Amino acid sequence: MKNVKKFFLALLLLQITSLYAQEIKQNVSQAKYQEEDCNINIIYNDSLVPGDAIFVRMMIQTPKTHKKDKPVEKQAKMQLFRKSRTKALESGVFYSTGKSKKATNQELLCGIPLSSFLEKDDYYLLITVTEGNEPAKEITLPLYFQARKFNSETIPLDSTNTAIKTDNSSARAAQIEKLNAILATINSDAVNSLKPMVSPTTSTRYTSWFGDRRVYAYSNGKSSTSLHYGNDYGVPEGSEVKSCAEGKVVLAEWRNSTGWSIVIEHLPGLYSLYYHLSEMLVKEGDTVKAGQLIAKSGKTGLATGPHLHWEMRLNMEAVRPEFFMTNFTFEGMDY
(Lines give C-alpha, C1' and ligand atoms only; values in the text may rest on other atoms or scores of the structure.)
Protein backbone atom coordinates (compact mmCIF):
# COMPACT_ATOMS: atom_id res chain seq x y z
CA MET A 1 0.00 0.00 0.00
CA LYS A 2 1.82 3.08 -1.29
CA ASN A 3 0.14 5.68 0.87
CA VAL A 4 0.37 3.81 4.16
CA LYS A 5 3.25 4.14 6.62
CA LYS A 6 3.66 1.11 8.84
CA PHE A 7 5.41 1.34 12.16
CA PHE A 8 6.48 -1.89 13.79
CA LEU A 9 7.93 -2.52 17.20
CA ALA A 10 10.93 -4.32 15.73
CA LEU A 11 12.02 -1.14 13.94
CA LEU A 12 12.49 0.61 17.27
CA LEU A 13 10.32 3.47 16.04
CA LEU A 14 7.81 2.33 18.61
CA GLN A 15 9.22 1.88 22.08
CA ILE A 16 7.22 -0.34 24.41
CA THR A 17 7.63 -0.17 28.16
CA SER A 18 5.68 -2.64 30.25
CA LEU A 19 4.75 -1.80 33.80
CA TYR A 20 2.41 -3.05 36.46
CA ALA A 21 -0.20 -0.52 37.62
CA GLN A 22 -1.19 -1.73 41.06
CA GLU A 23 -4.19 0.55 41.32
CA ILE A 24 -5.88 -1.10 38.34
CA LYS A 25 -4.62 -4.62 39.07
CA GLN A 26 -3.71 -5.47 35.52
CA ASN A 27 -0.81 -5.24 33.11
CA VAL A 28 -0.46 -1.91 31.35
CA SER A 29 1.89 -1.02 28.51
CA GLN A 30 3.08 2.25 27.07
CA ALA A 31 4.05 2.95 23.48
CA LYS A 32 5.84 6.02 22.13
CA TYR A 33 6.27 6.95 18.50
CA GLN A 34 8.18 10.00 17.31
CA GLU A 35 8.45 11.41 13.81
CA GLU A 36 9.13 14.87 12.42
CA ASP A 37 5.48 15.75 11.94
CA CYS A 38 3.86 13.76 14.75
CA ASN A 39 4.48 12.44 18.27
CA ILE A 40 2.17 9.69 19.53
CA ASN A 41 2.11 8.46 23.13
CA ILE A 42 -0.07 5.49 24.01
CA ILE A 43 -1.08 3.72 27.19
CA TYR A 44 -3.23 0.58 27.16
CA ASN A 45 -4.03 -2.62 29.04
CA ASP A 46 -2.22 -5.37 27.19
CA SER A 47 -3.95 -8.44 28.67
CA LEU A 48 -6.60 -10.21 26.64
CA VAL A 49 -8.92 -11.60 29.30
CA PRO A 50 -12.17 -13.18 28.01
CA GLY A 51 -15.15 -11.07 29.08
CA ASP A 52 -13.09 -7.94 29.81
CA ALA A 53 -12.17 -5.10 27.44
CA ILE A 54 -9.16 -3.40 25.89
CA PHE A 55 -8.86 0.38 26.31
CA VAL A 56 -6.28 2.60 24.62
CA ARG A 57 -5.59 6.20 25.59
CA MET A 58 -3.53 8.15 23.09
CA MET A 59 -1.94 11.61 23.02
CA ILE A 60 -1.14 12.94 19.56
CA GLN A 61 1.16 15.97 19.54
CA THR A 62 2.03 18.11 16.54
CA PRO A 63 5.37 19.89 17.07
CA LYS A 64 5.15 23.70 17.05
CA THR A 65 7.40 23.85 13.99
CA HIS A 66 4.64 22.06 12.07
CA LYS A 67 1.73 23.95 13.58
CA LYS A 68 -0.84 24.94 10.98
CA ASP A 69 -3.07 27.99 11.05
CA LYS A 70 -6.01 25.67 11.53
CA PRO A 71 -4.75 22.27 12.71
CA VAL A 72 -6.56 19.35 11.12
CA GLU A 73 -7.76 16.89 13.75
CA LYS A 74 -6.52 13.37 13.26
CA GLN A 75 -8.95 10.47 13.11
CA ALA A 76 -8.07 7.13 14.63
CA LYS A 77 -9.52 3.65 14.95
CA MET A 78 -8.33 0.37 16.41
CA GLN A 79 -8.94 -3.23 15.48
CA LEU A 80 -8.30 -6.55 17.21
CA PHE A 81 -6.74 -9.24 15.01
CA ARG A 82 -5.49 -12.75 15.30
CA LYS A 83 -1.93 -13.04 13.98
CA SER A 84 -3.34 -14.36 10.69
CA ARG A 85 -4.94 -10.90 10.20
CA THR A 86 -7.67 -12.10 7.89
CA LYS A 87 -10.54 -10.28 9.57
CA ALA A 88 -10.83 -7.97 12.56
CA LEU A 89 -12.54 -9.59 15.54
CA GLU A 90 -13.52 -6.25 17.10
CA SER A 91 -13.07 -2.61 16.17
CA GLY A 92 -13.70 0.82 17.60
CA VAL A 93 -13.30 4.51 16.77
CA PHE A 94 -11.34 6.87 19.02
CA TYR A 95 -13.06 9.89 20.55
CA SER A 96 -11.73 12.96 22.35
CA THR A 97 -11.41 12.84 26.13
CA GLY A 98 -11.93 16.61 26.21
CA LYS A 99 -8.73 16.95 28.24
CA SER A 100 -6.45 18.58 25.64
CA LYS A 101 -6.04 22.32 26.09
CA LYS A 102 -3.56 22.95 23.26
CA ALA A 103 -4.76 23.19 19.68
CA THR A 104 -1.80 21.10 18.55
CA ASN A 105 -2.60 18.26 20.98
CA GLN A 106 -5.30 15.63 20.79
CA GLU A 107 -6.03 13.16 23.58
CA LEU A 108 -8.16 10.26 22.40
CA LEU A 109 -9.72 7.18 23.99
CA CYS A 110 -11.14 3.97 22.58
CA GLY A 111 -12.39 0.73 24.07
CA ILE A 112 -13.40 -2.59 22.54
CA PRO A 113 -15.07 -5.53 24.31
CA LEU A 114 -13.64 -9.04 24.49
CA SER A 115 -16.01 -11.96 24.09
CA SER A 116 -16.24 -14.31 27.06
CA PHE A 117 -15.77 -17.07 24.46
CA LEU A 118 -12.42 -15.68 23.26
CA GLU A 119 -10.01 -18.56 22.67
CA LYS A 120 -6.32 -18.76 23.42
CA ASP A 121 -4.31 -17.59 20.41
CA ASP A 122 -1.87 -14.91 19.30
CA TYR A 123 -3.52 -11.50 18.94
CA TYR A 124 -2.50 -7.89 18.36
CA LEU A 125 -4.06 -4.44 18.14
CA LEU A 126 -3.80 -2.37 14.99
CA ILE A 127 -4.23 1.38 15.42
CA THR A 128 -4.67 3.50 12.31
CA VAL A 129 -4.24 7.27 12.46
CA THR A 130 -5.26 9.49 9.52
CA GLU A 131 -5.26 13.23 8.85
CA GLY A 132 -7.05 14.52 5.76
CA ASN A 133 -5.37 13.15 2.65
CA GLU A 134 -2.05 12.49 4.39
CA PRO A 135 -0.68 8.93 4.38
CA ALA A 136 -2.13 6.82 7.16
CA LYS A 137 -0.02 5.70 10.10
CA GLU A 138 -0.38 2.12 11.32
CA ILE A 139 0.79 1.09 14.76
CA THR A 140 0.73 -2.49 16.00
CA LEU A 141 0.53 -3.23 19.73
CA PRO A 142 1.26 -6.63 21.30
CA LEU A 143 -1.28 -8.40 23.49
CA TYR A 144 -1.05 -11.28 25.94
CA PHE A 145 -3.85 -13.81 26.40
CA GLN A 146 -4.96 -14.75 29.92
CA ALA A 147 -7.45 -17.57 30.36
CA ARG A 148 -10.55 -17.25 32.54
CA LYS A 149 -12.99 -19.92 33.68
CA PHE A 150 -16.71 -19.29 33.97
CA ASN A 151 -19.29 -20.97 36.17
CA SER A 152 -22.14 -23.16 34.94
CA GLU A 153 -25.53 -23.27 36.61
CA THR A 154 -29.00 -24.68 36.10
CA ILE A 155 -31.94 -22.48 37.11
CA PRO A 156 -35.35 -24.12 37.56
CA LEU A 157 -38.24 -21.85 36.55
CA ASP A 158 -41.80 -22.02 37.79
CA SER A 159 -44.73 -21.60 35.40
CA THR A 160 -44.73 -17.80 35.75
CA ASN A 161 -41.03 -17.42 34.94
CA THR A 162 -41.26 -20.04 32.20
CA ALA A 163 -43.94 -17.91 30.55
CA ILE A 164 -41.72 -14.81 30.79
CA LYS A 165 -38.64 -16.60 29.43
CA THR A 166 -40.54 -18.10 26.48
CA ASP A 167 -42.53 -14.94 25.72
CA ASN A 168 -42.43 -14.34 21.95
CA SER A 169 -44.96 -11.51 21.89
CA SER A 170 -44.64 -8.43 19.71
CA ALA A 171 -44.50 -6.30 22.87
CA ARG A 172 -41.41 -8.07 24.13
CA ALA A 173 -39.82 -7.96 20.66
CA ALA A 174 -40.37 -4.20 20.56
CA GLN A 175 -38.73 -3.83 23.98
CA ILE A 176 -35.70 -5.81 22.82
CA GLU A 177 -35.45 -3.76 19.63
CA LYS A 178 -35.62 -0.49 21.58
CA LEU A 179 -32.91 -1.56 24.02
CA ASN A 180 -30.63 -2.80 21.24
CA ALA A 181 -31.00 0.51 19.40
CA ILE A 182 -29.89 2.37 22.54
CA LEU A 183 -26.92 0.08 23.18
CA ALA A 184 -25.84 0.38 19.53
CA THR A 185 -25.70 4.18 19.80
CA ILE A 186 -22.16 5.58 20.00
CA ASN A 187 -22.34 9.30 20.76
CA SER A 188 -18.81 10.73 20.55
CA ASP A 189 -19.84 13.69 22.73
CA ALA A 190 -21.03 11.48 25.61
CA VAL A 191 -17.83 11.63 27.66
CA ASN A 192 -19.56 11.78 31.03
CA SER A 193 -16.95 10.13 33.26
CA LEU A 194 -13.36 8.92 32.96
CA LYS A 195 -13.08 7.75 36.56
CA PRO A 196 -13.21 4.20 37.93
CA MET A 197 -16.79 3.12 38.58
CA VAL A 198 -18.28 2.27 41.96
CA SER A 199 -20.49 -0.62 42.96
CA PRO A 200 -24.23 0.10 42.67
CA THR A 201 -24.82 -1.71 45.96
CA THR A 202 -23.11 -2.13 49.31
CA SER A 203 -23.79 -5.86 49.15
CA THR A 204 -20.94 -8.23 48.38
CA ARG A 205 -23.15 -11.32 48.23
CA TYR A 206 -23.20 -12.55 44.67
CA THR A 207 -25.90 -14.99 43.64
CA SER A 208 -24.72 -15.16 40.01
CA TRP A 209 -21.69 -13.89 38.17
CA PHE A 210 -21.03 -12.32 34.80
CA GLY A 211 -20.37 -14.95 32.16
CA ASP A 212 -22.17 -17.79 33.90
CA ARG A 213 -23.21 -20.45 31.40
CA ARG A 214 -26.87 -21.01 32.23
CA VAL A 215 -29.41 -23.73 31.61
CA TYR A 216 -33.01 -22.66 32.24
CA ALA A 217 -35.15 -25.65 33.22
CA TYR A 218 -38.74 -24.85 32.30
CA SER A 219 -41.78 -26.02 34.23
CA ASN A 220 -42.96 -27.90 31.12
CA GLY A 221 -39.88 -30.12 31.08
CA LYS A 222 -38.09 -28.27 28.30
CA SER A 223 -34.96 -26.12 28.67
CA SER A 224 -32.77 -23.52 27.00
CA THR A 225 -29.22 -22.26 27.39
CA SER A 226 -27.96 -18.70 27.66
CA LEU A 227 -25.15 -16.52 28.94
CA HIS A 228 -25.51 -14.34 32.03
CA TYR A 229 -24.59 -10.80 31.00
CA GLY A 230 -24.05 -9.23 34.43
CA ASN A 231 -23.69 -9.76 38.17
CA ASP A 232 -26.59 -10.63 40.47
CA TYR A 233 -26.44 -9.38 44.06
CA GLY A 234 -28.62 -11.04 46.67
CA VAL A 235 -30.15 -8.03 48.42
CA PRO A 236 -33.52 -7.61 50.17
CA GLU A 237 -36.31 -5.99 48.20
CA GLY A 238 -36.17 -2.21 48.59
CA SER A 239 -32.38 -2.00 48.97
CA GLU A 240 -30.71 1.12 47.60
CA VAL A 241 -29.39 1.00 44.04
CA LYS A 242 -26.89 3.68 43.05
CA SER A 243 -25.42 4.80 39.74
CA CYS A 244 -21.98 3.30 39.15
CA ALA A 245 -20.72 6.50 37.49
CA GLU A 246 -21.71 9.90 36.21
CA GLY A 247 -23.92 9.72 33.15
CA LYS A 248 -27.25 10.27 31.45
CA VAL A 249 -30.35 8.12 31.94
CA VAL A 250 -31.34 6.88 28.48
CA LEU A 251 -33.96 4.30 29.51
CA ALA A 252 -36.19 3.99 32.57
CA GLU A 253 -39.24 1.80 32.02
CA TRP A 254 -40.96 -1.54 32.51
CA ARG A 255 -39.69 -4.47 30.41
CA ASN A 256 -41.35 -7.88 30.37
CA SER A 257 -38.20 -9.89 31.11
CA THR A 258 -36.20 -7.45 33.26
CA GLY A 259 -39.04 -5.70 35.10
CA TRP A 260 -38.44 -2.08 36.08
CA SER A 261 -35.18 -1.27 34.31
CA ILE A 262 -32.72 1.64 34.06
CA VAL A 263 -29.96 2.22 31.51
CA ILE A 264 -27.32 4.96 31.90
CA GLU A 265 -24.87 6.22 29.25
CA HIS A 266 -21.35 6.91 30.59
CA LEU A 267 -19.01 7.04 27.58
CA PRO A 268 -19.52 6.67 23.82
CA GLY A 269 -20.91 3.15 23.47
CA LEU A 270 -20.59 2.40 27.21
CA TYR A 271 -23.77 1.80 29.26
CA SER A 272 -24.71 0.45 32.68
CA LEU A 273 -27.95 -1.48 33.17
CA TYR A 274 -29.95 -2.12 36.36
CA TYR A 275 -32.73 -4.74 36.29
CA HIS A 276 -35.58 -6.22 38.38
CA LEU A 277 -36.14 -3.00 40.34
CA SER A 278 -39.08 -2.39 42.65
CA GLU A 279 -38.95 1.40 42.30
CA MET A 280 -37.26 3.87 39.93
CA LEU A 281 -36.12 7.24 41.30
CA VAL A 282 -34.89 8.75 38.01
CA LYS A 283 -36.39 9.24 34.56
CA GLU A 284 -35.11 9.32 30.99
CA GLY A 285 -33.06 12.44 30.30
CA ASP A 286 -31.85 12.85 33.89
CA THR A 287 -28.13 13.29 34.55
CA VAL A 288 -26.74 11.42 37.55
CA LYS A 289 -23.55 11.41 39.60
CA ALA A 290 -21.49 8.43 40.70
CA GLY A 291 -23.05 6.93 43.82
CA GLN A 292 -26.37 8.76 43.34
CA LEU A 293 -29.47 6.86 44.47
CA ILE A 294 -31.42 5.90 41.33
CA ALA A 295 -33.69 3.03 42.38
CA LYS A 296 -34.72 0.38 44.89
CA SER A 297 -34.04 -3.29 44.24
CA GLY A 298 -36.79 -5.82 43.71
CA LYS A 299 -37.81 -9.04 41.98
CA THR A 300 -39.77 -7.78 38.97
CA GLY A 301 -39.65 -9.51 35.60
CA LEU A 302 -37.80 -12.82 35.27
CA ALA A 303 -36.52 -13.27 38.81
CA THR A 304 -36.51 -16.25 41.15
CA GLY A 305 -36.08 -13.96 44.18
CA PRO A 306 -35.18 -10.40 45.21
CA HIS A 307 -31.85 -9.27 43.79
CA LEU A 308 -30.09 -6.57 41.79
CA HIS A 309 -28.82 -7.37 38.31
CA TRP A 310 -26.00 -5.00 37.29
CA GLU A 311 -24.73 -5.18 33.75
CA MET A 312 -22.20 -3.25 31.63
CA ARG A 313 -22.33 -3.04 27.84
CA LEU A 314 -19.58 -1.73 25.56
CA ASN A 315 -20.40 -1.47 21.85
CA MET A 316 -23.40 -3.71 22.63
CA GLU A 317 -21.20 -6.51 24.04
CA ALA A 318 -21.54 -7.42 27.72
CA VAL A 319 -18.33 -6.87 29.72
CA ARG A 320 -17.47 -8.02 33.25
CA PRO A 321 -18.64 -5.13 35.49
CA GLU A 322 -15.61 -5.27 37.81
CA PHE A 323 -13.36 -4.34 34.90
CA PHE A 324 -14.83 -0.83 34.99
CA MET A 325 -14.17 -0.50 38.71
CA THR A 326 -10.47 -0.22 37.82
CA ASN A 327 -8.78 2.83 36.30
CA PHE A 328 -9.74 1.50 32.87
CA THR A 329 -9.29 4.92 31.16
CA PHE A 330 -5.85 5.45 32.77
CA GLU A 331 -7.02 8.77 34.19
CA GLY A 332 -4.17 10.64 35.87
CA MET A 333 -1.50 8.24 34.61
CA ASP A 334 1.57 9.59 32.80
CA TYR A 335 2.35 8.60 29.24
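The values are calculated or read from the model by the stated rules, or taken from the named source; none is laboratory data. Keep in mind that this is a model prediction, so the values were computed, not measured. Virtual Cβ from ideal backbone geometry, glycine too; neighbours counted across all protein chains shown. All accessible areas refer to the heavy atoms of the entire protein, side chains included, with ligands and DNA or RNA removed. Shrake-Rupley method; radii C 1.70, N 1.55, O 1.52, S 1.80 Å.
I'd like the Kirkwood hydrodynamic radius of region 155-232, using the inverse of the mean 1/r over distinct C-alpha pairs, in Å. Before the final figure, lay out each step's value.
Details: mean 1/r = 0.0631 Å⁻¹.
Radius from the Kirkwood sum: 15.9 Å.
Within 10 Å, count the other beta carbons around each residue, average over each peptide in 42-53, 134-145, 172-183, and list them highest first.
Working: 42-53: 21.6, 134-145: 16.9, 172-183: 14.2.
Ranked by mean Cβ neighbours within 10 Å, highest first: 42-53, 134-145, 172-183.
Counting only heavy atoms of the protein chains, get the accessible area per residue of the chain (1.4 Å probe) and round it to a whole Å² value.
Working: 16300 Å² over 335 residues.
Per-residue value: 49 Å².
Could you give the nm distance between label points at Arg85 and Asn187, where each point is 7 Å from its Cα heading toward the beta carbon?
3.7 nm
What is the spin-label model distance, in nm, from Glu240 to Lys99 if the labels are put 7 Å beyond Cα along the C-beta direction?
About 3.0 nm, to one decimal.
Compare the peptides 92-105, 232-245 by average per-residue count of other Cβ atoms within 10 angstrom and give them in order, highest first. Kindly include the intermediate steps, with their values, before the conclusion.
Working: 92-105: 15.5, 232-245: 19.9.
Packing order, densest peptide first, comes out as 232-245, 92-105.
Which of Leu270, Leu109, Leu194 moves the most in a Gaussian network model of the chain with Cα springs under 10 Å?
Leu194
Given Lys83/Lys195; Lys149/Lys299; Lys99/Lys248; Lys248/Lys296, which pairs have Cα atoms separated by over 23 Å? Can you show the working numbers first?
Working: Lys83/Lys195 33 Å; Lys149/Lys299 28 Å; Lys99/Lys248 20 Å; Lys248/Lys296 18 Å.
Pairs exceeding 23 Å: Lys83/Lys195; Lys149/Lys299.
Sort 294-300, 260-266 for me by packing, meaning the mean count of neighbouring Cβ atoms within 10 Å per residue, highest on top.
Details: 294-300: 22.0, 260-266: 24.0.
Final packing ranking: 260-266, 294-300.
So what's the net charge close to Arg57: Lys and Arg +1, Asp and Glu -1, counting the other residues with Cβ under 9 Å from its Cβ?
Numbers: positive: none; negative: Glu107, Glu331.
It works out to a net charge of -2.
Between Lys283 and Lys32, what length comes free when the chain is fully extended (0.36 nm per residue of separation minus the Cα-Cα distance, one decimal in nm)?
Gain in length upon complete extension: 85.9 nm.
Could you check what % of the DSSP bridge pairs in the chain are antiparallel, to the nearest 5? The partial results should precede the final answer.
Numbers: 93 of 104 bridges.
Here the share of antiparallel DSSP bridges comes out near 90 percent.
Glu322 to Ser170: extension gain in nm, 0.36 nm per residue of separation minus the Cα-Cα distance?
Values: separation 152, 0.36 × 152 = 54.72 nm, distance 3.44 nm.
Stretched out fully, the Glu322 to Ser170 stretch lengthens by 51.3 nm.
Expressed in whole Å with the largest first, what are the equivalent ellipsoid semi-axes of region 237-329 derived from the C-alpha gyration tensor as the square root of 5 times each eigenvalue?
On the way: eigenvalues 82, 41, 31 Å².
They are 20, 14, 12 Å, listed from largest to smallest.
Can you find, among Thr207, Ala217, Ile186, the residue sitting farthest towards the positive end of the charge dipole of region 184-295, where Lys and Arg contribute +1 and Asp and Glu -1 at Cβ?
Ala217
Provide the FRET efficiency to the nearest 0.05 for the Asn39-Lys178 pair, computing r from the beta carbons and using R0 = 45 Å.
Values: r = 44 Å, r/R0 = 0.98.
In this case the efficiency is close to 0.55.
P(r) for the chain, please, calculated from all Cα pair distances in 10 Å bins and given in %.
Values per bin, smallest distances first: 5, 24, 31, 22, 12, 5, 1, 0.
Could you check how much of the accessible area of the chain is carbon and sulfur, as a whole percent, using a 1.4 Å probe? Walk me through the intermediate numbers first.
Working: 7950 of 16300 Å².
In the chain, the share of accessible area belonging to carbon and sulfur is 49 percent.
With r as the distance between the Cβ atoms of Glu138 and Leu227 and R0 = 25 Å, compute the FRET efficiency 1/(1 + (r/R0)^6) and round to 0.05.
On the way: r = 34 Å, r/R0 = 1.36.
Given R0 = 25 Å and the Cβ-Cβ separation, E is 0.15.
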